[in-house]
Amino acid sequence: MADQYKGYRGPARDVLKNFQAIVWSDVQITTLKGEFTGIILPRSETADDLHIVLKLRSGYNVGIAANSVTAVEITGHKEANYKIPEKEFPYDPKKPNVKLLGTGGTIASRLDYRTGAVIPAFTPGELYGSVPELADICNLDTEKLYGVFSENMGPEQWVGTAEAIGREIENGVQGIVIGHGTDTMHHTAACLSFMVQNSPVPIVMVGSQRSSDRPSSDAALNLIHSVKTAAESDIAEVLVCMFGPTSDEYGLLHRGTRVRKMHSSYRSTFRTIGDIPVAKVDRNAITPLRDDYNRRRKDKSVTINTAFEEKVSIVYYYPNMRPDIIDSLVDNNYRGIVIAGTGLGHVNKPLYPSLKRAHEKGVAVFMTVQTLWGYVQMYVYDTGRDIMELGVIPSANMLPEVAYVKLGWALGQTGDLEKVKDIMLNPVADEITEREPSNGYLIFQGGLDDVEEFISRIRK
Ligand code: ASP
């Protein structure tokens, strides 16, 4: 049967045939480079004919060069069913109405068995089919705004998402969930915090680090936590809801302007920086960790302000940076630059003339710190004072990515640089705080318990 070798041609197919293996065989493959154990995945018709693709036990896919295979031991056959059964989401008039707006990312993905790739796809029926608990919480309606991985989110999608949120609030939903890729979720969270102000309902961003075909996926739990927050919580802010500790004990709700992805692969990747998270959430309860949040209201009023200037850049300073980096932005008509400087907010001397030129040409230049925790303090060293003299404005403890997004938003409001400075330095959504709690650096950043457990394992 042709399907037994789905997508395999040439040398890769010959190897499978020689060892009597087929697609979905559970195998141990010996190669010149070592042994691999997993399931042979089907391949796309357009894929090369030199590799066998194996889904390893870890959940990762690996391509094995056909000409390196010396033996294949077949231990079983496990045909995966990646098609999510669709079930109609039940409606209960007593439950709150929540809208899930999808933008893409792993959370909205399932494995495409043809290609072995993760592709975005979701409907309320698919979600209910895979996470039936959602129906215990609310009536869920979904809308796919975009289907992109989050590196492809940008001003156009930020504006579209903010407008969609405005429409849903107008329609009277009790909460909004936004499915999003995790990589740039903090940029979008910051942007929505500026574009959507004074919301009467929670706006909860959610993603997953591992796709739902993997046993260790965080997709279902993050979804349950975020939908619960949107439906029931009193916190009417733009929040990011993701795994708290590395275990699946609870999720954390992070403020949209103080959150950052901090690990490329851990499920507990999001951290509140320079503060503590707003709340913990598990299947049973939402437990606020602070009380200075915007409360839920019954009205439908909200301020949506999506003006955005795209000619803004962020420059991550590195030793030996040359002035042409700044010059090229000025020469290409950039209107705003955020620098992520070293220490308290520094760059090297060779950049000074270019920074002065940028200022003279009317480019708004703001300083943030690479350390992420702590404030820009440009009065401490001569370097800082000199840089301020050139027209560079310190932006307190605003995170670099947040300052970048806010500068685009501020320049969208006005071309008057004094007003831009005013907007930048006056917090709209806690992007600048008066102080950073000394305990925030460790506590509730995934759980002190985790730290204890880690230390006790080392002590043994
Ligand atoms: N690359 C993906 C994205 O950000 C990863 C994820 O969804 O977690 O869209």
Inset, instruction - Determine whether E156 is closer than 30 Å to K311 by Cα, open to solvent by 10 Å² or more (accessible area, probe 1.4 Å), more than 14 Å from the ligand (Cβ to nearest atom) and out of contact with any Lys or Arg (no Cβ under 6 Å at 6 or more places or on another chain). - result: yes
Inset, instruction - Tell me which residues, restricted to segment 211-230, are in contact with a Phe, Trp or Tyr (Cβ under 9 Å, 6 or more places away or on another chain), open to solvent by less than 10 Å² (accessible area, probe 1.4 Å) and away from the ligand (no atom under 11 Å from the Cβ). - result: H225
Inset, instruction - Return the pairs, sorted by first residue and then second, in which the second residue is open to solvent by less than 10 Å² (accessible area, probe 1.4 Å) and within 7 Å of the ligand (Cβ to nearest atom), the first residue lies in segment 96-109 and is closer than 13 Å to L127 by Cα and modelled with pLDDT of 80 or more, the beta carbons are less than 8 Å apart, and the residues are 6+ apart or on different chains. - result: none
Legend entry - Selection from segment 184-210 of residues that are of a type outside the set (G, A, S), outside any helix (DSSP H, G or I) and within 15 Å of the ligand (Cβ to nearest atom): T184, M205, V206, Q209, R210
Inset, instruction - Only residues that are open to solvent by 20 Å² or more (accessible area, probe 1.4 Å) and either within 15 Å of the ligand (Cβ to nearest atom) or among the basic types (K, R) (or both): list them for segment 122-152, please. - result: F122, K144, L145, Y146, G147, V148, F149, E151, N152
Inset, instruction - May I ask you to verify whether G166 is open to solvent by 10 Å² or more (accessible area, probe 1.4 Å), within 16 Å of the ligand (Cβ to nearest atom) and not polar (S, T, N, Q)? - result: no
Legend entry - Condition check for V405: at pLDDT 90 or above, buried (at least 22 other Cβ atoms within 10 Å of the Cβ) and not polar (S, T, N, Q): yes
Inset, instruction - Give the number of residues within segment 245-283 that are out of contact with any strand residue (DSSP E or B) (no Cβ under 9 Å at 6 or more places or on another chain) and under 21 Å from K406 (Cβ atoms). - result: 1
Inset, instruction - Within segment 32-84, work out how many residues are at pLDDT below 85 and open to solvent by 80 Å² or more (accessible area, probe 1.4 Å). - result: 8
Inset, instruction - Test each condition in (1) free of Cβ contacts under 8 Å to residues at least 40 places away in the same chain; (2) surrounded by fewer than 20 Cβ atoms within 10 Å (Cβ to Cβ); (3) under 26 Å from the mean Cα position of the chain (by Cα) for E436 and report the one that comes out false. - result: (1)
Inset, instruction - Looking at (1) open to solvent by 10 Å² or more (accessible area, probe 1.4 Å); (2) within 16 Å of the ligand (Cβ to nearest atom), find the lone condition where H180 falls short. - result: (1)
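The values are calculated or read from the model by the stated rules, or taken from the named source; none is laboratory data. These numbers were taken from a predicted model, which means no experiment stands behind them. Cβ atoms come from the backbone with ideal geometry, glycine included; neighbour counts cover every protein chain shown. Only protein heavy atoms, including side chains, enter the accessible area calculation; ligands, DNA and RNA are left aside. Shrake-Rupley method; radii C 1.70, N 1.55, O 1.52, S 1.80 Å.
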